[in-house]
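The values are calculated or read from the model by the stated rules, or taken from the named source; none is laboratory data. Nothing here was measured: the structure is a model prediction, and the numbers come from that model. Glycine gets a Cβ as well: all are built from the backbone with ideal geometry, and neighbour counts include every protein chain shown. Please note that ligands, DNA and RNA were not included when accessible areas were found on the heavy atoms of the full protein model with its side chains. Shrake-Rupley method; radii C 1.70, N 1.55, O 1.52, S 1.80 Å.
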Amino acid sequence: MTKRKMFLRMITASLLRRRSRMLVALLSIGIGATILSGLVTIYYDVPRQMGAQFRNYGANMILVSQDTGTLNAQSASDALEVIGTDQVIGATPYRYVTAQFVRSQLSFVAAGTDFDQVQLTSPYFVVDGAYPSGPRQVLIGKQVAETVGAKLNSVLEITYKPSQKFVSGGEAVPGATLVGSAEGFNTNPVSVVLTLDDQMKIASMELDVSTQTEEYGGRLGDETYTKRFIGRAYPLEENDETDVLSGATITSRAVLEAISTAQVTDNATAVTGNTMSMQVAGILDTGGKEESYIFMSMDDMAALTGEKDLYDVMELSVSGTADELAGYVQTMEEKDLGVTARLVKRITNSETAVLSKLQALVFLVTAVVLVLTMICVSTTMMAVVTERRKEIGLRKALGASDDSIRVEFLGEGMFLGALGGVMGALLGFGFAQIVSVNVFESSITFQPLLLPITVVVSMVIAALSCLWPIKRAVQIDPALVLKGE
Amino acid sequence: MSLLEIRNVSKIYGELKALDNVSIKVEQGEWVAIMGPSGSGKSTMMNIIGCMDKPSKGEVLLDGVDISKESSKKLTEIRRDKIGLIFQQFHMVNYLTAVENVMVSQYYHSMPDEEEALEALGRVGLRDRARHLPSQLSGGEQQRVCVARALINHPELILADEPTGNLDEANENIVLDLFAQLHKEGTTLIVVTHDPEVAEAAQRTIVLEHGRVAREIINENFGK
C-alpha cells in the first residue's frame, strides 16, 4: 500500500467514522457554499431578471429614419438583425398620419401598428375591451372616445386626405400642381388647377367656371381667357386689374382668388382620399399622449393611405445592459442602414442604476456569508482539534512530523470543502431557483461552470478556515499521551 | 556500547528538580523497569528517553547519539526510527481499525504494509480482530494492538509507560508474556511502572525517588 492510499484511507475513515462531528463541519461548509453559489447565480442572473422586469416599463430603443423621412420595412428589419432575434423582446412599428372623422370633421392622429408587438413593447397599456384582432378594427384613445362619444363596438367613419399633409408646407414649389377654389357669382365655386414649370411660371391652367352664369362668368371658360395666365410668374402680382373682365367681374375676381390661394398637391386624384368604417375593439387608457390617438393595424393603415411598409418610428424593447444597447446603436451607425437608433435614456439609465445597486447588495451579502462561513468552519475545525488532541499527540508520539499533521488536517478540511462545495453547488442552484421564481417569477438555467468554481472556492475557504486550528494542532505536545492524562 | 546512556541528567522546572543528576545505562537487549512513587521523576525520565523532552543538564546517548542537544524535529525522527511506544491508556486512533492503527505507525515510519501489520497482530494473537474498531476491542486487546504497533517498525528500544496500569491480571500476564517473548528475540525493553509485579518481570529495576536513583535491584529470579 502506498503512503497516499493510507493517507486517503485515514482521511475517509476520519470523515466516515466520526460522522456527527464531520456532519456539522460539512453542513457549515455546505450551507455556506449553498448560499454563496446561490447568490453568485442570482448576481449573474439579476441583469437578465431585472432586464425582463424593466421591459415592462416600455421600449428602451427607438428607430427612426436617418433623413427625417419615413422608415421602410427593409431597413427596420436590417436593424433588428444587428441586435439579434434573441435579444429583441418586441419591435413595434408606428405610422402616424392625420385623419379626420367624416361626421364631425375633427382631426386626429391615426397610428398604424402591430398589436402583437405593442403588447410586448408597451405592456403597461390598459385596454378596455380588446386589442383589435381583425381588419377594420381600431383601438381608440380614451380622450378621443370622450370627444366623439365613441363606445366599444361603435363604428367610426374616418377619412384620410394626403393633401392635408401639404397644408402646412403648402407653398408653391417649382413643378408643383396647385389646386384652388373660390366663391364666385351667387357664392357658387370656381376652381382652378395649375401646374408650374421649373421657373415657377404657370405652365398650364384648367379652369372650371361651369357653375357661373353662362353669358357672363361662364365665358371665361374658353381658352382665350386662360391663355393670358400661361407663362406668367407665380404667384401673380397683386391687384392687377387688367385680369378683371368687365361683365364678369365677380367670376374673374374669384378666379384670381382661386389662383392666389391655390395649394400644392402631389397627386390630384388623391385629393379625394379614402374613407373607411372602423369598429372600436378597445379603448386605450395610458395616461399619456396615446389617449388622443386612434390605433389600427398596418394593413388598415395601408388601405387608408395607399402606402405600404412605411413607418415613422419603430419602438424596440431590447434586453441587455446599457453598454450592450449602446453597442448595438454604434453598430447600426457603422453599417449605415439608413436608420438612426436612439436609446430611451430614462429607461436604460435607471435600469443600469438599479442593477448596479442590486448587484452591490448581493456582493456585500456574499462577502458577509463568506466571512461567516469561514468563522463557522474554523470554529468547527477548532473543536475537532480540541477533541482530537490525544490523537494528534499520539500521532506525533508515533513519529508524525509537524508537516504530516498539517497535511492530514488540511486534507480533511479540503475534502470536506470539496464535499460541501458539490453539495453547495447543487443546493445553491435550488436556492437561486426558489429565489428567482418567488422574486422574479422566472426560472434560471444551471451554469455548469459554477460547479467546479463552487467546489474550488469551498476548498479554499475550508483550507483557510483550517489554518488557525492546524497551527494549534501542531503545537500539541506528544508527551500528553503518556500517563493517564 | 550501551544502547542508552544517561549521564548526569537534571531536569528543572522553576524551583522543582524533577530529575537531579541521574545517570543510568541500559544495554542492548536488556529488560529494565523504572519504578518509583508519584513525583519521583518517572514521567520526566520517560519523556526524555522517549525524545519528547530535553534535559536541563547532562547528556542522553541513544545508540551513540546525544539526543539532549537535538532539535524537536530531529527528536521526532529519532523517536520514529528507534523507539516503539506503549502507553497506559493504549491510545489508539478511535476511528481506525486495529490493523489500520498498526499501519499508522508504518505510515509515519516508512511504507504502510497491510500484510506485515496483520502479521504483527498475529504475533499478539489478534489477527482475527484486525478489522475491529478500538471500541469493539477489550482493554487487553487494545493494549496488545499497541504492542503490535510498537514493534512493527523493529525499533531499537520499546518504551512502555505503565503498560498494564489499566489491565486486569489475566491481560497483564498476556502483555508481560509478550514482553518476555520480545526480550527473548533481543528487543531492548524499558518499562516505567509503579507496580512491583511488573517490575519483577524485568531483569533489573531502577528505583527513582525525589528525582534521584534511590537503588537498583537485579532480579535474580529472572527467567525462572
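Name the one entry in A:G399, A:G413 that is more than 26 Å from A:G38 (Cα to Cα) and in the same structural domain as A:L372 (by TED's automatic domain parsing). It would help to see each step written out before you state the result.
Details: A:G413 fails: more than 26 Å from A:G38 (Cα to Cα).
The conditions single out A:G399.
So B:E70 passes all but one of these: (1) open to solvent by less than 30 Å² (accessible area, probe 1.4 Å); (2) more than 13 Å from every other protein chain (Cβ to nearest Cβ). Which condition number does it fail?
Condition (1) is where B:E70 drops out.
When you go through A:F101, A:F54 one by one, which is the residue that is without any contact (Cβ under 8 Å) to a residue 60 or more places away in the chain and either more than 14 Å from chain B (Cβ to nearest Cβ) or closer than 30 Å to A:S442 by Cα (or both)?
A:F101
Identify the single condition in (1) surrounded by fewer than 16 Cβ atoms within 10 Å (Cβ to Cβ); (2) polar (S, T, N, Q); (3) touching an Asp or Glu at 6+ places or on another chain (Cβ under 9 Å) that A:N186 does not satisfy, given that it satisfies every other one.
Failed condition: (3).
Count, please, the residues in the stretch B:83-100 that happen to be buried (at least 21 other Cβ atoms within 10 Å of the Cβ), under 17 Å from the mean Cα position of the chain (by Cα) and either within 9 Å of another protein chain (Cβ to nearest Cβ) or not β-branched (V, I, T) (or both).
Final tally of qualifying residues: 8.
Filter the stretch A:377-410 for residues that are surrounded by 17 or more Cβ atoms within 10 Å (Cβ to Cβ), within 14 Å of chain B (Cβ to nearest Cβ) and of a type in the set (V, I, T) and give the result.
Correct list: A:V384, A:I392, A:I405.
Which one is surrounded by the most Cβ atoms within 10 Å (Cβ to Cβ) among residues in the stretch A:317-376 that are of a type in the set (S, T, Y) and within 30 Å of A:W468 (Cβ to Cβ)?
Top of the filtered list is A:T373.
Sort out which residues of the stretch B:4-52 are assigned to a loop (DSSP other than H, G, I, E, B) and open to solvent by less than 40 Å² (accessible area, probe 1.4 Å), and write them in order of number.
Result: B:G29, B:E30, B:G36, B:S40, B:G41, B:G50, B:C51, B:M52.
Does A:V40 satisfy the condition of being touching a residue at least 40 places away in the same chain (Cβ under 8 Å), outside the structural domain of A:M381 (by TED's automatic domain parsing) and aliphatic (A, V, I, L, M)?
Values: touching a residue at least 40 places away in the same chain (Cβ under 8 Å): yes; outside the structural domain of A:M381 (by TED's automatic domain parsing): no; aliphatic (A, V, I, L, M): yes.
For A:V40, the condition - touching a residue at least 40 places away in the same chain (Cβ under 8 Å), outside the structural domain of A:M381 (by TED's automatic domain parsing) and aliphatic (A, V, I, L, M) - is not met.
With A:A91, A:A33, A:A79 as the choices, which residue is in contact with a Leu (Cβ under 6 Å, 6 or more places away or on another chain) and in a helix (DSSP H, G or I)?
On the way: A:A91 fails: in a helix (DSSP H, G or I); A:A33 fails: in contact with a Leu (Cβ under 6 Å, 6 or more places away or on another chain).
Every option except A:A79 fails the conditions.
Got a number for residues in the stretch A:464-473 being open to solvent by less than 20 Å² (accessible area, probe 1.4 Å) and under 15 Å from A:D403 (Cα atoms)? Break it down stepwise before answering.
Here is the first cut: in the stretch A:464-473, the ones open to solvent by less than 20 Å² (accessible area, probe 1.4 Å) are A:465-466, A:469-470, A:473.
So of that shortlist, the ones also under 15 Å from A:D403 (Cα atoms) come out as A:466, A:469-470, A:473.
Total satisfying the criteria: 4.
Would you be able to tell me the number of residues in the stretch B:127-139 that are more than 10 Å from chain A (Cβ to nearest Cβ) and closer than 28 Å to B:T76 by Cα?
So the answer is 3.
Please verify whether the stretch A:120-135 includes one or more residues that are assigned to a strand (DSSP E or B) and either without any contact (Cβ under 8 Å) to a residue 24 or more places away in the chain or open to solvent by 80 Å² or more (accessible area, probe 1.4 Å) (or both).
For the stretch A:120-135, residues assigned to a strand (DSSP E or B) and either without any contact (Cβ under 8 Å) to a residue 24 or more places away in the chain or open to solvent by 80 Å² or more (accessible area, probe 1.4 Å) (or both): present.
Collect the residues in the stretch B:101-124 that are open to solvent by 40 Å² or more (accessible area, probe 1.4 Å) and either in contact (Cβ under 8 Å) with a residue 40 or more places away in the chain or in a helix (DSSP H, G or I) (or both), keeping them in residue-number order.
Matches in the stretch B:101-124: B:H109, B:S110, B:E114, B:E115, B:E116, B:E119, B:R123.
All but one of (1) open to solvent by 10 Å² or more (accessible area, probe 1.4 Å); (2) under 25 Å from A:V456 (Cβ atoms); (3) among the small types (G, A, S) hold for A:G424, so report the exception by its number.
(1)
Going by what's in this entry, would A:R346 be described as at pLDDT below 90, charged (D, E, K, R) and more than 30 Å from A:E315 (Cβ to Cβ)? First the steps, then the outcome.
On the way: at pLDDT below 90: yes; charged (D, E, K, R): yes; more than 30 Å from A:E315 (Cβ to Cβ): no.
Answer is no for this residue.
Taking the criterion of being buried (at least 17 other Cβ atoms within 10 Å of the Cβ), of a type in the set (A, V, I, L, M) and not in a loop (DSSP other than H, G, I, E, B), would at least one residue in the stretch A:436-449 satisfy it?
no
For A:I461, state whether it is more than 14 Å from chain B (Cβ to nearest Cβ) and modelled with pLDDT of 90 or more.
no
Being within 23 Å of B:L182 (Cα to Cα), among the basic types (K, R) and in contact with a strand residue (DSSP E or B) (Cβ under 7 Å, 6 or more places away or on another chain) narrows it down to one residue among B:K25, B:K11, B:K57, B:K17; which is it?
Just a single option satisfies the conditions, and that option is B:K25.
Can we say A:I35 is farther than 12 Å from A:V377 by Cβ and within 14 Å of chain B (Cβ to nearest Cβ)?
Details: farther than 12 Å from A:V377 by Cβ: yes; within 14 Å of chain B (Cβ to nearest Cβ): no.
So A:I35 does not fit the description; no.
Any residue that is touching a Ser or Thr at 6+ places or on another chain (Cβ under 7 Å), within 25 Å of A:L80 (Cβ to Cβ) and modelled with pLDDT under 90 - is there at least one of those in the stretch A:292-310?
Looking through the stretch A:292-310, at least one residue is touching a Ser or Thr at 6+ places or on another chain (Cβ under 7 Å), within 25 Å of A:L80 (Cβ to Cβ) and modelled with pLDDT under 90.
More than 14 Å from chain B (Cβ to nearest Cβ) and without any contact (Cβ under 8 Å) to a residue 12 or more places away in the chain, is that true of A:A367? Lay out the reasoning, then the answer.
Working: more than 14 Å from chain B (Cβ to nearest Cβ): yes; without any contact (Cβ under 8 Å) to a residue 12 or more places away in the chain: yes.
Yes.
Test B:V124 against the stated conditions and say whether it is β-branched (V, I, T), at negative phi, touching a helix residue (DSSP H, G or I) at 6+ places or on another chain (Cβ under 6 Å) and more than 12 Å from chain A (Cβ to nearest Cβ). Working first, answer last.
Details: β-branched (V, I, T): yes; at negative phi: yes; touching a helix residue (DSSP H, G or I) at 6+ places or on another chain (Cβ under 6 Å): yes; more than 12 Å from chain A (Cβ to nearest Cβ): yes.
In short, yes.
Quick one: which residue in B:I24, B:I34, B:I12, B:I6 is of a type in the set (V, I, T) and within 14 Å of chain A (Cβ to nearest Cβ)?
Answer to the check: B:I34.
Could you check how many residues of the stretch A:206-215 are surrounded by fewer than 18 Cβ atoms within 10 Å (Cβ to Cβ) and over 60 Å from the mean Cα position of the chain (by Cα)?
3
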